[in-house]
Amino acid sequence: MNTAVRTTDTAAPAADPARSGLYAEVQLFYARQAHLLDAVRAEQFAQTFTQDGVFAHSPGIPPARGHAGIAQEVREYNERRFKTDPVQRRHWFNMLDVREQPDGTVHTEFYALVATTRPGQPQPVISPSCVVRDVLVRSDDGELRTRSRKVTQDQELFD
Amino acid sequence: MNTAVRTTDTAAPAADPARSGLYAEVQLFYARQAHLLDAVRAEQFAQTFTQDGVFAHSPGIPPARGHAGIAQEVREYNERRFKTDPVQRRHWFNMLDVREQPDGTVHTEFYALVATTRPGQPQPVISPSCVVRDVLVRSDDGELRTRSRKVTQDQELFD
Amino acid sequence: MNTAVRTTDTAAPAADPARSGLYAEVQLFYARQAHLLDAVRAEQFAQTFTQDGVFAHSPGIPPARGHAGIAQEVREYNERRFKTDPVQRRHWFNMLDVREQPDGTVHTEFYALVATTRPGQPQPVISPSCVVRDVLVRSDDGELRTRSRKVTQDQELFD
């Protein structure tokens with residue numbers, strides 16, 4: 001089973017994300033964003049997106065849009081799935097590709113797994129395996145924000 | 001189940017750990033520290049802590065203190081748990097937050113999993129899921145060292 | 001079970017891979033290399049090695065050599081193992097040590113796991129746990145390439 005590797009991005013971006021510090025900045029941004037999501041701090045997580053941000057996190061669920069929409073989706077998703085099934089989830093990202101675009105946006109592509117721990121079961125369930133593609137932009141305050149996120153579960157690749 | 005996200009740290013630290021190279025330095029420090037731990041090089045692992053370092057690695061076990069105390073704890077923990085159950089453990093850290101503090105220390109917070117392989121069982125057991133909070137300091141020799149480490153297993157969050 | 005930690009490398013390398021940006025550059029290189037491997041883009045993956053590159057990826061399989069040899073090995077390995085067992089694999093690397101050598105090569109050592117998803121089984125199998133040791137060189141075009149890769153599965157450590 002093959003997956004598409006982005007080919008629309010420039011093969012040799014003008015700026016080098018490793019030498020500029022951008023690569024580490026994206027890693028740090030994602031760490032803090034994931035900590036907020038896993039703590040179900042819905043409003044703070046939503047604010048790591050742009051005001052018009054789009055968050056397509058699961059197959060079959062319409063993308064959430066904007067700070068209020070993303071915060072609501074995070075709250076409701078957690079209510080729906082985990083109200084009677086308490087869990088501690090941890091989002092793990094890895095193999096992070098970062099490509100600055102000519103228009104100043106930053107395209108990223110990375111792998112994700114979620115480690116889910118339940119009461120009385122010390123061994124977490126680690127699932128699903130996903131690929132995430134983000135468009136990041138730098139806001140007026142100098143901070144990175146996610147303009148759009150598309151999560152594809154590996155399982156969807158067989159459909 | 002929500003977990004606390006550190007809020008005592010400054011929201012916008014003066015120095016940017018991505019641009020200064022500190023972020024990558026911490027990643028490299030943790031890689032070498034974990035390699036020593038997983039090779040059960042107890043003395044060398046202990047020396048990645050400060051002389052007064054504190055290592056609280058498991059619930060119900062008093063924190064180990066100082067180079068001799070940490071080395072002894074690592075040796076004895078491995079003897080106790082794995083003498084009749086040979087394993088190769090690998091500590092994986094991820095979603096690393098790094099925050100320089102006004103006093104010059106560096107606070108980190110990250111996720112951890114341990115992949116444990118046993119003879120005849122190629123598939124590792126991946127457990128437990130933890131959050132680790134460290135205070136790092138820069139020693140006189142210019143190297144980072146861990147002043148304190150507190151590991152919290154996700155399972156403890158349900159107690 | 002103890003594993004060897006490289007001791008032939010200089011303890012205090014002249015150049016600091018964190019501050020120079022090399023550490024992030026290696027992370028980015030590995031992300032793109034893994035994306036190509038997991039997409040089974042055999043020729044493009046092979047070209048992340050030097051022309052005389054050596055790829056020893058599994059116990060009992062002779063190392064593949066050179067661009068054509070590595071591409072062929074990747075294609076045939078995927079045919080042999082997965083032709084009647086469709087999978088989406090994801091290589092995860094972590095705890096990356098990077099050491100610049102006096103001769104200009106870059107020695108790396110890191111942990112690896114493979115998350116393998118199959119149709120109808122959303123939860124990936126995560127196995128085996130490995131240690132990978134690479135020699136990287138900078139090519140004339142300024143890009144990093146792998147001159148040699150030796151993968152050791154943790155299971156082999158018990159043999």
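Every number in this text was worked out from the coordinates using simple rules, so none of it is lab data. Small disclaimer: the values here were computed from a predicted structure and weren't measured. Glycine gets a Cβ as well: all are built from the backbone with ideal geometry, and neighbour counts include every protein chain shown.
Quick one: work out Rg over Rh on the C-alpha atoms of the protein assembly as shown, Rh as Kirkwood radius. Show your work: numbers first, answer last.
Working: Rg = 21.6 Å, Rh = 23.1 Å.
Value, to two decimals: 0.93.
As I understand it, the value is the acute angle between the Cα axis of helix B:22-38 and the longest principal axis of the Cα atoms of chain B; what does it come to in degrees, rounded to 10?
Result, in degrees: 20.
Describe numerically, in nm with one decimal, the distance between label points set 7 Å from Cα along Cα→Cβ at residue B:159 and at residue C:58.
In this crude label model, residue B:159 to residue C:58 measures out at 4.4 nm.
Can you give the percent of C-alpha pairs in region A:60-135 whose distance is more than 20 Å? Please list the in-between numbers first.
On the way: 1447 of 2850 pairs.
So the pairs more than 20 Å apart make up 51 percent of the total in region A:60-135.
I'd like the mean, over residues of C:28-40, of how many other protein chain beta carbons sit within 10 Å of each residue's own Cβ.
Values: counts 9, 1, 4, 10, 6, 1, 4, 10, 1, 0, 8, 5, 3.
That works out to 5 on average.
Per-residue mean of other chain beta-carbon atoms within 10 angstrom of the beta-carbon, peptide C:146-158?
Numbers: counts 0, 0, 0, 0, 0, 0, 0, 3, 12, 9, 3, 5, 8.
Taking the mean over all residues of the peptide, I get 3.
Only bridges whose two residues both fall in region B:1-156 count here: according to DSSP, what percent of them are antiparallel, nearest 5?
Values: 32 of 36 bridges.
Beta bridges within region B:1-156, antiparallel portion: roughly 90 percent.
Once Rh is set to the Kirkwood radius over Cα pairs, what Stokes-Einstein translational diffusion coefficient, in µm²/s, holds for chain B at a temperature of 4 °C and a viscosity of 1.567 mPa s? Don't jump to the answer; show the numbers that get you there.
Values: Rh = 16.6 Å.
Estimated diffusion coefficient is 78 µm²/s.
On a 0 to 90 degree scale, rounded to 10, what angle separates helix C:66-82 from the longest Cα axis of chain C?
30
By counting other Cβ atoms within 10 Å of each Cβ, how are B:38, A:140, A:16 ranked from fewest to most?
Working: B:38 23, A:140 5, A:16 16.
By the 10 Å Cβ count, ascending, the order reads A:140, A:16, B:38.
Å³ per residue of the Cα convex hull, for region A:19-60? Display every interim value, and only then the final one.
Working: hull volume 4.2 nm³, N = 42.
Once divided by residue count, the hull of region A:19-60 is 99 Å³.
Applying 1/(1 + (r/R0)^6) with R0 = 22 Å to the Cβ-Cβ distance of residue B:20 and residue B:133, what FRET efficiency is obtained, to the nearest 0.05?
Details: r = 21 Å, r/R0 = 0.96.
For R0 = 22 Å, the calculated efficiency reads 0.55.
What's the Cα-based Rg to Rh of region C:114-159, Rh via Kirkwood?
Values: Rg = 16.0 Å, Rh = 13.3 Å.
Ratio of gyration radius to Kirkwood radius for region C:114-159: 1.20.
Per DSSP helix of 4 or more residues, -39500 (n - 2.57); summed, then divided by the residues of chain A. What does that give at 222 nm, rounded to the nearest 500? The partial results should precede the final answer.
Numbers: 3 runs with 39 residues, N = 159.
So the calculated ellipticity at 222 nm is -8000 deg cm²/dmol.
Can you give me the Kirkwood hydrodynamic radius for region B:84-127, using every pair of distinct Cα atoms, in Å to one decimal? Don't jump to the answer; show the numbers that get you there.
Working: mean 1/r = 0.0790 Å⁻¹.
One decimal place: 12.7 Å for the Kirkwood radius.
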